[in-house]
Amino acid sequence: MENYKYTSENTLSDLSLHDCICKKISREDGDLIFTMEFMEVCSEHKLNPFPLAHQTGEGKIVFKNAELKKCQLDDYDLLANKKTLSDFCLEDLTILDFDENPFKDKHLAKIYMIFLPGEEYYGITLEIAFEKSIVMWNEFRNVSWFEPFSKGAFMWNNIRALLDFEDKSFMQKHNDLYTVINLVYKTREKGPGYSEEAYKLVLGEELYKHELNDVEEEYIINFFKCLIIRHSELDIFCIGCLGKYPKEEEYNFLFDQLKESIFQDECLAVALLRELNFWQNPAYTEYLDSIKDSYKLSQKLKAYIHQTIKFKTHKITNMSEPSVGYDDSGKNRYIEWGRI
(Lines give C-alpha, C1' and ligand atoms only; values in the text may rest on other atoms or scores of the structure.)
Protein backbone atom coordinates (compact mmCIF):
# COMPACT_ATOMS: atom_id res chain seq x y z
CA MET A 1 0.00 0.00 0.00
CA GLU A 2 1.30 3.46 -0.90
CA ASN A 3 2.65 5.83 1.71
CA TYR A 4 0.65 8.87 2.80
CA LYS A 5 1.84 12.04 4.49
CA TYR A 6 -0.80 11.89 7.24
CA THR A 7 -1.60 8.56 8.92
CA SER A 8 -3.51 7.96 12.14
CA GLU A 9 -4.97 4.96 13.93
CA ASN A 10 -8.44 4.72 15.46
CA THR A 11 -9.41 8.33 14.76
CA LEU A 12 -12.65 7.74 12.85
CA SER A 13 -14.56 9.58 15.59
CA ASP A 14 -12.62 12.73 14.64
CA LEU A 15 -13.75 12.57 11.00
CA SER A 16 -17.01 13.77 9.51
CA LEU A 17 -17.85 11.42 6.62
CA HIS A 18 -21.33 12.67 5.77
CA ASP A 19 -21.49 13.37 2.00
CA CYS A 20 -17.90 12.15 1.53
CA ILE A 21 -17.31 10.09 -1.62
CA CYS A 22 -15.93 6.56 -1.47
CA LYS A 23 -14.46 5.87 -4.92
CA LYS A 24 -14.32 2.11 -4.36
CA ILE A 25 -14.34 -0.62 -1.74
CA SER A 26 -11.70 -3.34 -2.00
CA ARG A 27 -10.23 -6.29 -0.10
CA GLU A 28 -6.53 -6.76 0.63
CA ASP A 29 -5.69 -9.88 2.61
CA GLY A 30 -7.99 -9.60 5.63
CA ASP A 31 -8.47 -5.83 5.41
CA LEU A 32 -11.36 -3.86 3.97
CA ILE A 33 -10.23 -0.65 2.23
CA PHE A 34 -12.30 2.41 1.40
CA THR A 35 -10.57 4.57 -1.21
CA MET A 36 -11.90 8.04 -0.50
CA GLU A 37 -12.15 10.96 -2.89
CA PHE A 38 -11.98 13.21 0.16
CA MET A 39 -12.72 13.25 3.90
CA GLU A 40 -13.57 15.94 6.43
CA VAL A 41 -11.01 16.08 9.27
CA CYS A 42 -12.50 17.71 12.36
CA SER A 43 -10.64 20.31 14.39
CA GLU A 44 -10.29 17.77 17.24
CA HIS A 45 -8.23 15.40 15.10
CA LYS A 46 -4.65 15.20 16.37
CA LEU A 47 -3.19 15.73 12.87
CA ASN A 48 -5.33 18.77 12.01
CA PRO A 49 -3.22 21.88 12.74
CA PHE A 50 -6.14 24.24 12.11
CA PRO A 51 -8.85 25.44 14.51
CA LEU A 52 -11.50 24.49 11.92
CA ALA A 53 -12.38 21.23 10.17
CA HIS A 54 -10.67 20.82 6.80
CA GLN A 55 -11.35 18.72 3.75
CA THR A 56 -8.58 16.43 2.53
CA GLY A 57 -7.60 15.26 -0.90
CA GLU A 58 -7.75 11.59 -1.88
CA GLY A 59 -7.11 9.13 0.94
CA LYS A 60 -7.95 5.73 2.37
CA ILE A 61 -9.73 4.22 5.36
CA VAL A 62 -8.40 0.76 6.18
CA PHE A 63 -10.38 -1.54 8.44
CA LYS A 64 -7.80 -4.05 9.70
CA ASN A 65 -8.82 -7.73 9.94
CA ALA A 66 -12.34 -6.76 8.96
CA GLU A 67 -15.37 -9.02 9.24
CA LEU A 68 -18.64 -8.12 7.56
CA LYS A 69 -21.46 -8.50 10.08
CA LYS A 70 -24.09 -7.02 7.80
CA CYS A 71 -23.99 -6.34 4.08
CA GLN A 72 -27.26 -5.36 2.46
CA LEU A 73 -28.01 -3.79 -0.93
CA ASP A 74 -31.38 -2.20 -0.33
CA ASP A 75 -33.38 -5.33 0.68
CA TYR A 76 -30.94 -7.84 -0.82
CA ASP A 77 -28.86 -9.50 1.91
CA LEU A 78 -25.47 -10.42 0.45
CA LEU A 79 -24.47 -12.56 3.43
CA ALA A 80 -27.67 -14.63 3.36
CA ASN A 81 -27.22 -15.16 -0.39
CA LYS A 82 -23.53 -16.05 -0.04
CA LYS A 83 -22.38 -13.09 -2.11
CA THR A 84 -19.42 -10.80 -1.49
CA LEU A 85 -18.73 -7.14 -2.16
CA SER A 86 -16.42 -8.16 -5.00
CA ASP A 87 -19.44 -9.63 -6.82
CA PHE A 88 -20.70 -6.07 -7.32
CA CYS A 89 -19.13 -3.02 -8.94
CA LEU A 90 -19.30 -0.62 -6.00
CA GLU A 91 -17.85 2.72 -7.10
CA ASP A 92 -18.55 6.39 -6.32
CA LEU A 93 -20.56 5.77 -3.18
CA THR A 94 -21.77 8.71 -1.10
CA ILE A 95 -21.63 8.11 2.65
CA LEU A 96 -24.79 9.36 4.34
CA ASP A 97 -24.37 7.90 7.81
CA PHE A 98 -21.35 6.58 9.71
CA ASP A 99 -21.19 5.42 13.30
CA GLU A 100 -18.53 3.57 15.29
CA ASN A 101 -18.87 1.82 18.66
CA PRO A 102 -16.98 -0.73 20.77
CA PHE A 103 -17.79 -4.34 19.88
CA LYS A 104 -16.52 -7.05 22.25
CA ASP A 105 -12.72 -6.65 22.00
CA LYS A 106 -13.00 -4.92 18.61
CA HIS A 107 -14.77 -1.98 16.97
CA LEU A 108 -18.00 -1.98 14.97
CA ALA A 109 -18.67 0.51 12.18
CA LYS A 110 -22.20 1.00 10.88
CA ILE A 111 -22.27 2.66 7.48
CA TYR A 112 -25.03 3.60 5.08
CA MET A 113 -24.14 4.71 1.55
CA ILE A 114 -25.89 5.35 -1.73
CA PHE A 115 -24.64 4.84 -5.27
CA LEU A 116 -25.97 5.20 -8.79
CA PRO A 117 -25.53 2.16 -11.03
CA GLY A 118 -28.12 3.37 -13.52
CA GLU A 119 -30.73 6.08 -13.26
CA GLU A 120 -31.89 5.25 -9.74
CA TYR A 121 -30.18 5.51 -6.39
CA TYR A 122 -29.41 2.32 -4.53
CA GLY A 123 -28.44 2.01 -0.89
CA ILE A 124 -25.91 -0.25 0.78
CA THR A 125 -25.78 -0.90 4.52
CA LEU A 126 -22.60 -2.29 6.06
CA GLU A 127 -21.68 -3.35 9.57
CA ILE A 128 -17.96 -4.03 9.87
CA ALA A 129 -16.19 -5.53 12.88
CA PHE A 130 -12.49 -4.72 12.86
CA GLU A 131 -9.43 -4.68 15.11
CA LYS A 132 -8.33 -1.14 14.30
CA SER A 133 -8.79 1.52 11.65
CA ILE A 134 -6.12 3.47 9.78
CA VAL A 135 -6.93 6.78 8.09
CA MET A 136 -4.51 8.16 5.50
CA TRP A 137 -4.33 11.26 3.30
CA ASN A 138 -1.73 13.58 1.75
CA GLU A 139 -3.07 17.12 1.96
CA PHE A 140 -5.49 19.51 3.58
CA ARG A 141 -7.55 21.54 1.14
CA ASN A 142 -10.40 23.91 1.94
CA VAL A 143 -12.23 24.53 5.19
CA SER A 144 -14.98 21.93 5.51
CA TRP A 145 -18.31 22.81 3.98
CA PHE A 146 -20.14 22.85 7.32
CA GLU A 147 -17.81 25.27 9.13
CA PRO A 148 -19.10 28.61 7.76
CA PHE A 149 -22.54 27.94 9.19
CA SER A 150 -21.22 27.51 12.73
CA LYS A 151 -18.33 29.98 12.72
CA GLY A 152 -19.67 32.87 10.64
CA ALA A 153 -19.28 33.66 6.94
CA PHE A 154 -16.73 36.50 6.95
CA MET A 155 -13.65 34.29 7.06
CA TRP A 156 -15.12 31.92 4.51
CA ASN A 157 -15.82 34.66 1.96
CA ASN A 158 -12.83 36.96 2.47
CA ILE A 159 -9.90 35.52 4.38
CA ARG A 160 -10.17 32.05 2.86
CA ALA A 161 -10.13 33.58 -0.63
CA LEU A 162 -6.76 35.15 0.18
CA LEU A 163 -5.40 31.88 1.57
CA ASP A 164 -6.53 29.79 -1.40
CA PHE A 165 -3.23 29.30 -3.22
CA GLU A 166 -4.43 27.38 -6.25
CA ASP A 167 -3.22 28.94 -9.52
CA LYS A 168 -1.50 31.83 -7.72
CA SER A 169 2.03 32.99 -8.48
CA PHE A 170 4.66 33.28 -5.76
CA MET A 171 4.19 37.05 -5.56
CA GLN A 172 0.40 36.72 -5.36
CA LYS A 173 0.74 34.26 -2.49
CA HIS A 174 3.24 36.56 -0.75
CA ASN A 175 1.03 39.63 -1.14
CA ASP A 176 -2.13 37.81 -0.03
CA LEU A 177 -0.39 36.40 3.04
CA TYR A 178 0.94 39.87 3.84
CA THR A 179 -2.61 41.22 3.66
CA VAL A 180 -3.97 38.52 5.94
CA ILE A 181 -1.25 38.84 8.57
CA ASN A 182 -1.88 42.59 8.70
CA LEU A 183 -5.34 41.78 9.99
CA VAL A 184 -3.59 40.22 12.97
CA TYR A 185 -1.08 43.09 13.25
CA LYS A 186 -3.95 45.60 13.31
CA THR A 187 -5.49 43.75 16.25
CA ARG A 188 -2.24 43.39 18.21
CA GLU A 189 -0.40 46.65 17.50
CA LYS A 190 -1.85 49.30 19.77
CA GLY A 191 1.29 51.08 20.95
CA PRO A 192 3.19 54.15 19.70
CA GLY A 193 3.61 54.35 15.97
CA TYR A 194 0.30 52.72 15.13
CA SER A 195 -0.62 53.91 11.65
CA GLU A 196 -4.28 53.82 10.73
CA GLU A 197 -3.47 55.08 7.22
CA ALA A 198 -0.92 52.32 6.57
CA TYR A 199 -3.36 49.57 7.55
CA LYS A 200 -6.14 51.09 5.46
CA LEU A 201 -3.78 51.17 2.49
CA VAL A 202 -2.76 47.52 2.89
CA LEU A 203 -6.13 46.07 3.84
CA GLY A 204 -8.66 48.18 2.00
CA GLU A 205 -11.82 49.57 3.54
CA GLU A 206 -13.75 46.34 4.15
CA LEU A 207 -10.92 44.34 5.74
CA TYR A 208 -9.74 47.35 7.75
CA LYS A 209 -13.16 47.73 9.37
CA HIS A 210 -13.33 44.03 10.27
CA GLU A 211 -12.19 43.10 13.78
CA LEU A 212 -10.90 39.54 13.93
CA ASN A 213 -12.64 37.27 16.39
CA ASP A 214 -10.63 34.66 18.28
CA VAL A 215 -11.46 31.86 15.84
CA GLU A 216 -10.38 33.90 12.82
CA GLU A 217 -7.12 35.00 14.44
CA GLU A 218 -6.31 31.46 15.55
CA TYR A 219 -7.08 30.18 12.06
CA ILE A 220 -4.67 32.65 10.43
CA ILE A 221 -1.87 31.95 12.91
CA ASN A 222 -2.29 28.19 12.54
CA PHE A 223 -2.29 28.53 8.77
CA PHE A 224 1.11 30.28 8.97
CA LYS A 225 2.39 27.65 11.40
CA CYS A 226 1.28 24.94 9.01
CA LEU A 227 3.24 26.52 6.13
CA ILE A 228 6.35 26.58 8.32
CA ILE A 229 5.97 22.97 9.44
CA ARG A 230 5.54 21.83 5.83
CA HIS A 231 8.58 23.82 4.66
CA SER A 232 6.52 25.66 2.09
CA GLU A 233 8.12 28.10 -0.32
CA LEU A 234 6.95 30.91 1.99
CA ASP A 235 8.21 29.51 5.30
CA ILE A 236 10.78 32.31 5.81
CA PHE A 237 8.11 34.95 5.22
CA CYS A 238 5.78 33.19 7.66
CA ILE A 239 8.46 33.13 10.35
CA GLY A 240 8.94 36.88 9.99
CA CYS A 241 5.19 37.43 10.29
CA LEU A 242 4.81 35.27 13.38
CA GLY A 243 7.76 37.00 15.02
CA LYS A 244 5.97 40.35 15.07
CA TYR A 245 3.60 41.08 17.99
CA PRO A 246 3.61 37.40 19.00
CA LYS A 247 1.88 35.70 21.88
CA GLU A 248 3.94 33.48 24.19
CA GLU A 249 2.66 30.28 22.58
CA GLU A 250 3.78 31.55 19.18
CA TYR A 251 7.31 32.15 20.48
CA ASN A 252 7.19 28.62 21.94
CA PHE A 253 6.23 27.31 18.50
CA LEU A 254 9.12 29.16 16.84
CA PHE A 255 11.49 27.82 19.50
CA ASP A 256 10.35 24.25 18.82
CA GLN A 257 10.90 24.79 15.10
CA LEU A 258 14.40 26.13 15.77
CA LYS A 259 15.34 23.01 17.71
CA GLU A 260 14.10 20.87 14.82
CA SER A 261 15.83 22.86 12.06
CA ILE A 262 19.10 24.11 13.59
CA PHE A 263 21.16 21.20 12.21
CA GLN A 264 19.01 20.58 9.14
CA ASP A 265 18.19 23.85 7.41
CA GLU A 266 20.49 26.82 7.92
CA CYS A 267 18.24 29.35 6.18
CA LEU A 268 15.27 28.37 8.31
CA ALA A 269 17.39 28.35 11.46
CA VAL A 270 18.75 31.85 10.83
CA ALA A 271 15.26 33.20 10.18
CA LEU A 272 14.04 31.66 13.44
CA LEU A 273 17.04 32.98 15.40
CA ARG A 274 16.34 36.51 14.16
CA GLU A 275 12.78 36.44 15.44
CA LEU A 276 13.55 34.65 18.71
CA ASN A 277 16.16 37.27 19.62
CA PHE A 278 13.27 39.44 20.81
CA TRP A 279 12.15 36.68 23.22
CA GLN A 280 13.00 37.15 26.87
CA ASN A 281 13.15 33.54 28.00
CA PRO A 282 16.19 32.02 29.79
CA ALA A 283 15.49 28.64 28.16
CA TYR A 284 16.31 30.14 24.76
CA THR A 285 19.74 31.41 25.83
CA GLU A 286 20.46 28.15 27.67
CA TYR A 287 19.67 26.17 24.54
CA LEU A 288 21.92 28.35 22.37
CA ASP A 289 24.71 27.93 24.89
CA SER A 290 24.35 24.14 24.72
CA ILE A 291 24.79 24.00 20.92
CA LYS A 292 27.02 26.99 20.20
CA ASP A 293 30.17 24.95 19.50
CA SER A 294 28.60 22.01 17.69
CA TYR A 295 30.66 20.68 14.78
CA LYS A 296 27.39 20.34 12.83
CA LEU A 297 27.06 24.13 12.52
CA SER A 298 28.79 26.30 9.95
CA GLN A 299 31.36 28.79 11.21
CA LYS A 300 29.14 31.76 10.34
CA LEU A 301 26.14 30.29 12.13
CA LYS A 302 28.31 29.55 15.17
CA ALA A 303 29.55 33.15 15.14
CA TYR A 304 25.96 34.44 14.98
CA ILE A 305 24.91 32.22 17.91
CA HIS A 306 27.92 33.35 19.98
CA GLN A 307 27.06 36.97 19.25
CA THR A 308 23.41 36.36 20.19
CA ILE A 309 24.39 34.85 23.54
CA LYS A 310 26.61 37.85 24.33
CA PHE A 311 23.76 40.20 23.43
CA LYS A 312 21.19 38.28 25.48
CA THR A 313 23.54 38.16 28.49
CA HIS A 314 24.29 41.90 28.18
CA LYS A 315 27.97 41.43 27.31
CA ILE A 316 27.44 43.53 24.18
CA THR A 317 24.87 46.25 23.63
CA ASN A 318 24.22 45.83 19.91
CA MET A 319 24.67 43.19 17.24
CA SER A 320 24.58 42.83 13.48
CA GLU A 321 22.19 40.25 12.09
CA PRO A 322 22.16 38.30 8.85
CA SER A 323 19.20 38.66 6.54
CA VAL A 324 17.30 35.81 4.90
CA GLY A 325 15.36 36.18 1.69
CA TYR A 326 14.28 34.70 -1.62
CA ASP A 327 15.71 35.03 -5.08
CA ASP A 328 13.56 36.50 -7.87
CA SER A 329 11.87 33.18 -8.59
CA GLY A 330 10.71 32.85 -4.99
CA LYS A 331 11.88 29.24 -4.98
CA ASN A 332 15.39 29.58 -3.54
CA ARG A 333 16.32 31.03 -0.16
CA TYR A 334 19.60 32.70 0.69
CA ILE A 335 21.45 34.24 3.64
CA GLU A 336 23.34 37.54 3.56
CA TRP A 337 25.68 37.31 6.55
CA GLY A 338 26.92 40.91 6.57
CA ARG A 339 29.54 41.51 9.29
CA ILE A 340 28.88 38.24 11.15
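The values are calculated or read from the model by the stated rules, or taken from the named source; none is laboratory data. Note that the structure is predicted; figures quoted are calculated from it, not measured. Note: ideal-geometry Cβ built from the backbone for every residue, glycine included; neighbour counts use all protein chains shown. Protein only, heavy atoms only, side chains kept; ligands, DNA and RNA dropped before computing areas. Shrake-Rupley method; radii C 1.70, N 1.55, O 1.52, S 1.80 Å.
Here the accessible area of segment 21-133 is 44 percent carbon and sulfur, with a 1.4 angstrom probe and all protein chains present. Using a cut-off of 29 Å between alpha-carbon atoms, which lysines can reach Lys200, once sequence neighbours fewer than 8 places away in the same chain are excluded? Filter leaves Lys151, Lys168, Lys173, Lys186, Lys190, Lys209, Lys225, Lys244, Lys247.
Other residues whose C-beta falls under 15 angstrom from the C-beta of Leu207 contribute a net charge of -4, scoring Lys and Arg +1 and Asp and Glu -1.
Only lysines eight or more places from Lys60 in sequence, or on another chain, were considered; those with a Cα closer than 16 Å are Lys5, Lys23, Lys24, Lys132. Near Gln264, once Lys and Arg are set to +1 and Asp and Glu to -1 for all other residues with Cβ below 15 Å from its Cβ, the sum equals -1. Counting only residues at least eight positions apart within a chain, or on another chain, the aspartates and glutamates with an alpha carbon under 17 Å from that of Lys296 are Glu260, Asp265, Glu266. Rounded if a/c is under 1.5, else prolate if a/b beats b/c, else oblate: with a ≥ b ≥ c from the C-alpha gyration tensor eigenvalues square-rooted, which is segment 52-141? Judged from the Cα gyration tensor, segment 52-141 comes out oblate (a/c at least 1.5, b/c at or above a/b).
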